[in-house]
Amino acid sequence: MPIGITEEHRALSESLRDWAKGLGGIALARAAEGTAAADFSEVWRGVDEYGVAGIAAPEPHGGGGTLLDAAVALESCAHELLPGPLLGSAVAAHLAGAAGLDDIVGAVSAGGCGIALEPALELGARLEGTVLAYDGGGAAWLLLGARGATGEERWFFLTAEQVEVRPQVGPDLTRRVAEVRVDIEAAEAVEVPELRGESVRRTALTLAAAEASGIAQWCLSTAVEYAKVREQFGAPIGSFQAIKHLCAQMLETTEAVAATAWDAAASAETALSGGEAGQWAFAAEVAGVTALDGAVRVAQDCIQVLGGIGFTFEHDAHLYLRRAVALRSLLGGGDAHAVTLAGYAAAGVRRAVRVDLEGKDDAIRPRVRETVAAIAARPEAERRDALVDAAYLAPHWPAPYGLGSGPVEQLVIDEELAAAGVQRPDIKIAGWAVPTILKHGTDAQRERFVDASLRGEIVWCQLFSEPGAGSDLASLATRAERVEGGWRLTGQKVWTSLAADADWGICLARTTALEEAKRQGAKQHGITYFLVDMRSAGIDVRPLRELTGDALFNEVFLDGVFVPDELVVGDVDGGWRLARTTLANERVAMASTNLGGSVERAVALAAGRGEADLARVGHAVALSTVCALLGVRSTLKALAGQGPGAESSVAKLLTVRNRQDASELVVDLLGPLALTDDPQVREDLHQSQLTRCLSIAGGTTQVLRNVAAEHLLGLPR
């Protein structure tokens, strides 16, 4: 999805995409391929008329927006590869506006501006030196920095007429860099009060990440649309698993790029309004690690999917790759940003995102706070029952067990419970079993199981997976045979956690044989959803020892286990739909941006290490933050009344990678210490081994990529 989440930002994005496409900028860039002096004036007149460059500048010059508004705009323009000095001009207009240089804002927006990110000029009575200015070719203005003899740093706006500008055609055919030679009296330039290179670079990085998001989105959609129609070996190439996986990985990267670009711009908005500047610094470096390399990678993968046509100059894909490479060259690759990010993490900085409810909680919060205070006043042993009585343990569930809460009330309850130090108990498998009973069960089933599950009187396990039916669950073979008063279940289940402790299990079994179901058109037919008493005769639970040495999982053998009719949930033969069901009023969790145990451990181990190790830790910090940001964006979408999107599926895939990679990194950083019997080291090794199950449990990563490719991207089966 694009950077923007709100209706206003989505409308702005769509409007600017349509406008930018109509300018025909790519054709203009191709026509000017060998012309160093090209200024793309046809396009820039439209940019000035629309006020795009100055969108984050003060209102008198068509602005009045925020850096997040500017990020949405630049993402949309990059999606259509709008040529001209838009990035440099947007950075310069924002900085001029922040410094109160209103006249400069208008001039920059009208004439364009090139920028340098380092103070490379010599400062004395005169400004002297030669610098490479990005977006400097064809721009009427330049924003350049200088250093004095004692190291002081100052920044100036200069007109192109005051200096010697030698434009060059670089790898990005849609923009022009310029070698700028400066030799003027310092007093002749317009100084930007109190500006420092750190602010210039951070603003440029924030808006460059937005452009990277637009590039990645175009490349993803182009590759997917081609994969749907290009045929080889008698079938669309999108039906090949290798192409599905490549496109799914492009989706993962594109969502990560959008999330980090959004967060960098949103945190800038907060920082510039008086919030903590360190949060913007951290978020911008996460974007630096993720977005710039990510856009290059997605552009490269797009060309791979396109095949031979993608390697031609005729296709536009290489133009997007060129833009992505230019952005990365300007602002630096992921490793450099990762080193900086690791330093922030080591200093204790963490991204803290708070969801702004915009006053929607005003009528709710006093009542919730009063209820939570009463719960918190109870002894610890009584708090679970108090949560259940207040319907706060699962407030998104329907009454009387929950409140039927919408997203805002759910978040308010979460926030107030956290503030009061009240923790909800983990209901584990009941979190899957009970919603199905609530939606599809009988009144008697609800009365019997729901309240008791909430109070911890019933522990559940899930009897779904089988030796021959893991990710392909519809191939399950456990059979249920009709007998007087109910059914007898026979078969084997595997990977069942909590089986030895569970009171009840949710079980899928075949009430129509697999072969018969296939003849009827789908193997999903003929599966029924049962509630099984785990103390029933005929159940044999055998611990299954994992590679860690633990036995968290179990094999469960069912030998003619009797289940009465009243414990069938839903219709006979209709269990597949139940197995996939969730309540329409889904749980919305309070946004969390914790790094996670293994990443925190890696940060601690990296103290005093060289840049290579710091870069690896910084990449881990960035990926962990990305996973959290995807959750935050899902929450914001729910608050905006939008349904779940790609970010939830992508979060699952990236979270698995994050946890596995981080735990491996910890072991690698330990070096020879990993061979010792230190208790902490044993725990580190255990975590590294335990995380191997994450890319298998709940559907393997490979199968989930197939699902993402087919259901989210629309590739053929």
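The values are calculated or read from the model by the stated rules, or taken from the named source; none is laboratory data. Not measured: the values here are computed from a predicted model. So basically every Cβ, Gly included, is an ideal-geometry build from the backbone, and we count neighbours across all protein chains shown. Only protein heavy atoms, including side chains, enter the accessible area calculation; ligands, DNA and RNA are left aside. Shrake-Rupley method; radii C 1.70, N 1.55, O 1.52, S 1.80 Å.
Peptides 3-12, 523-532, 187-196 ranked from most to least packed by the mean count of surrounding Cβ atoms within 10 Å: 523-532, 3-12, 187-196.
Remark: spin-label model distance Q642-Q241 equals 3.3 nm, labels positioned 7 Å along the Cα→Cβ axis.
The orientation-averaged projection of the convex hull spanning the C-alpha atoms of the stretch 12-124 amounts to 8.0 square nanometres.
Computed from phi, the 3J(HN,Hα) profile of the stretch 486-500 under the Karplus parametrisation 6.51, -1.76, 1.60 (θ = phi - 60°) reads x, 9, 10, 9, 9, x, 10, 10, 8, 6, 8, 7, 6, 4, 6 Hz, with x in place of Gly and Pro.
Computed from Cα atoms, the angle from the helix 277-306 axis to the main principal axis of the chain rounds to 80 degrees.
Summarising the label geometry, the points placed 7 Å from Cα in the beta-carbon direction at E59 and K518 lie 7.0 nm from one another.
Using R₀ = 25 Å, calculate the FRET efficiency as 1/(1 + (r/R₀)^6) where r is the Cβ-Cβ separation of E457 and R545; round to 0.05. Before the final figure, lay out the partial values.
Working: r = 30 Å, r/R0 = 1.19.
Computed FRET efficiency for E457 and R545: 0.25.
Full extension of the chain between A373 and E314 gives 14.6 nm of extra length, using 0.36 nm per residue less the Cα-Cα distance. Using a Förster distance of 45 angstrom, determine the FRET efficiency expected from the C-beta separation of D443 and E14, and round it to 0.05. Calculated transfer efficiency: 0.45. Scoring 393-403, 504-514, 477-487 by mean Cβ neighbours within 10 Å over their residues and listing the highest first yields 504-514, 393-403, 477-487. Extension gain, D533-E191: 0.36 nm per intervening residue step, less the Cα-Cα distance, totals 115.3 nm. Using Cβ point charges alone (K and R +1, D and E -1), the dipole size of the chain about the Cα centre works out to roughly 1880 debye.
If I compute solvent accessible area with a 1.4 Å probe over the protein chains, what percent of it on the stretch 305-388 is carbon and sulfur?
On the way: 2330 of 4300 Å².
Heavy-atom surface of the stretch 305-388 belonging to carbon and sulfur, 1.4 Å probe: 54 percent.
A simple count of charges around E276, restricted to other residues whose Cβ falls under 12 Å of its Cβ and scoring Lys, Arg +1 and Asp, Glu -1, yields +3. Legend: calculated FRET efficiency, E611 to R692, from the Cβ-Cβ distance at R0 = 22 Å, rounded to 0.05, equals 0.15. Put simply, when 80-88, 214-222 are sorted by average Cβ atoms within 10 angstrom per residue, most first, you get 80-88, 214-222. Counting lysine pairs in the chain whose alpha carbons fall under 20 angstrom apart, excluding pairs fewer than 8 residues apart on the same chain, gives 8. The share of accessible area on the stretch 124-282 that comes from carbon and sulfur is 50 percent, using a 1.4 angstrom probe.
The residue among W141, S453, G596 whose Cα reaches farthest toward the positive pole of the charge dipole of the chain, with charges on the beta-carbon of Lys, Arg, Asp and Glu, is S453. Relative to the longest principal axis of the Cα atoms of the chain, the long axis of helix 646-670 lies at roughly 90 degrees. Where (i) 77, 61, 48; (ii) 98, 67, 56; (iii) 93, 70, 50 are the candidate values, the label of the one calculated here for Cα extents along the principal axes in Å is (ii). Checking Cβ-Cβ separations below 4.7 Å across the chain identifies C77, C113, C247, C461, C507, C627, C693 as cysteines lacking any candidate disulfide partner. Where in the stretch 106-125 is the amide nitrogen less than 17 Å from a point lying 7 Å along the Cα-to-Cβ axis of I184? Output list for this probe position: 106-116, 120-125. Grab the other residues whose beta carbon is less than 15 angstrom from that of C247, score K and R as +1, D and E as -1, and report the net. Once positives and negatives cancel, what remains is +1.
Working from label points 7 Å from Cα in the Cα-to-Cβ sense, the Q300 to T490 distance is 5.6 nm. Relative to the longest principal axis of the Cα atoms of the chain, the long axis of helix 317-331 makes an angle of roughly 70 degrees.
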